[in-house]
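> Below is one structure. I have some questions about it.
Values quoted throughout were computed directly from the atomic coordinates according to the rules given, and no laboratory measurement underlies them. Keep in mind the model is a prediction, meaning the values are calculated, not measured. We place every Cβ from the backbone using ideal geometry, glycine too, and count neighbours over all the protein chains shown.
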Ligand SMILES: C[S@@+](CC[C@H](N)C(=O)[O-])C[C@H]1O[C@@H](n2cnc3c(N)ncnc32)[C@H](O)[C@@H]1O
């Protein structure tokens, strides 16, 4: 097996494992709105995207471990794991207790403090993070749109937002508080319309 085949095989395996636990919250009877812990993006593409964002900090933050990363609706915390591999100090918000329990059990040493049980639509501490990521956590378009606008108001100046499957794809291009960061070419994740925005001023 050559290296690209090995990578593809590991990628498929990763998807199979995450897919197999996709309804853990429903089986446990958690009250969640259309939530699912699975994302159909390649972890390799996610790693490359996060790594790229880490390079944007050069000179300002010396070590990536000083960069606080947040996944909004982190499910089992797989994207947090990937962010951790990049070197970020990674956290995730999740409101399903069974997903947090299973996620913590996957890597108890790292995860005990990384999962924050909170509702992403009312969370008060978005201004503590340098990189904030989401992959379409809410299935309802109106709620997803309200969440996006709330996050854009609450995050701090200097923060990067990594938005996948944004509800309103064009809203920030007219918003003077945000600057679009060009994403390098390549990567399968382009079909999820990733956008990276930097907040450059409050109003
Ligand atoms: C598509 S999954 C995202 C998985 C994760 N971001 C990743 O990249 O691996 C969406 C997650 O958001 C969670 N979620 C949905 N609404 C939420 C809310 N209002 N507050 C906190 N978590 C929420 C769901 O329980 C689900 O685990």
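> Taking the alpha-carbon set of the chain, what are its Rg and Dmax in Å?
16.4, 54
> May I pose another question? Please work out the FRET efficiency for the pair residue 145 and residue 17, using the Cβ-Cβ distance as r and a Förster radius of 22 Å; give the result to the nearest 0.05. Write out the running numbers ahead of the final one.
On the way: r = 32 Å, r/R0 = 1.45.
Result of the calculation: an efficiency of 0.10.
> If we count other beta carbons within 10 Å of each Cβ, what is the order of 192, 19, fewest first? Working shown, then result.
Working: 192 20, 19 13.
Lowest count first: 19, 192.
> Just to confirm my numbers, what's the Cα centroid distance between region 144-173 and region 87-132 in Å?
Region 144-173 and region 87-132 have Cα centres separated by 19 Å.
> To the nearest 0.05, what FRET efficiency results for residue 174 and residue 58 with a Förster distance of 30 Å applied to their C-beta separation? Kindly include the intermediate steps, with their values, before the conclusion.
Working: r = 29 Å, r/R0 = 0.98.
Efficiency, rounded to the nearest 0.05: 0.55.
> Peptides 23-29, 158-164: what's the order by average Cβ count within 10 Å, highest mean first?
On the way: 23-29: 14.1, 158-164: 21.1.
Per-residue Cβ counts within 10 Å, averaged per peptide and sorted highest first, yield 158-164, 23-29.
> Something else: Dividing the alpha-carbon Rg of region 116-180 by 2.2 N^0.38 Å yields what? Spell out each step's value before the answer.
On the way: Rg = 11.3 Å, N = 65, 2.2 N^0.38 = 10.7 Å.
Against the empirical 2.2 N^0.38 Å value, I get 1.05 for region 116-180.
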